[in-house]
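Before any comments, here is the structure.
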Amino acid sequence: MAGSDITVEIVKEIREAARSTNARLDTTNARLDSMEVAFNRRLDTTNERLEIVTDRLDVMSDRLDLVETTLLDVARQNRLMVRHTRILARQHAEIEPRVSALENRVDKLESE
């Protein structure tokens with residue numbers, strides 16, 4: 001019977017250790033649950049902030065598209081102005097000698 005008593009005591013110790021382990025696991029699970037709640041709260045906050053940043057980036061992208069379009073329009077207008085200026089410069093170069101000749105002729109006529 002002494003062997004049986006030892007076996008019963010060993011089984012009781014194992015049962016007590018299992019209960020102790022279960023209690024520690026319950027404590028650990030509770031801590032993990034509270035950490036999960038805190039983590040989810042932080043994750044929700046991060047997601048909200050990320051949405052705000054995304055919205056701001058969308059607005060900024062729209063603004064940059066407008067700036068790009070405006071700059072392209074200005075560049076086209078600038079090219080047209082340069083072309084017209086070149087044409088006017090050529091015309092001026094062609095007309096200048098004729099005007100000078102006319103002035104000379106008028107001066108001769110006035111002097112006679």
Which residue, of 68, 13, is more than 55 Å from the chain's Cα centre (by Cα), on the phi < 0 side of the Ramachandran plot and surrounded by 10 or more Cβ atoms within 10 Å (Cβ to Cβ)? 13
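Based on this model, can you work out whether residue 19 counts as basic (Lys, Arg) and more than 36 Å from the chain's Cα centre (by Cα)? Write out each step before concluding.
Numbers: basic (Lys, Arg): yes; more than 36 Å from the chain's Cα centre (by Cα): yes.
Against the criterion (basic (Lys, Arg) and more than 36 Å from the chain's Cα centre (by Cα)), residue 19 qualifies.
Quick note: the coordinates plus some simple rules give every number you see, no bench work behind them. None of these values were measured; they are calculated from a predicted model. Cβ: placed from backbone, ideal geometry, glycine included. Neighbour counts: every protein chain shown.
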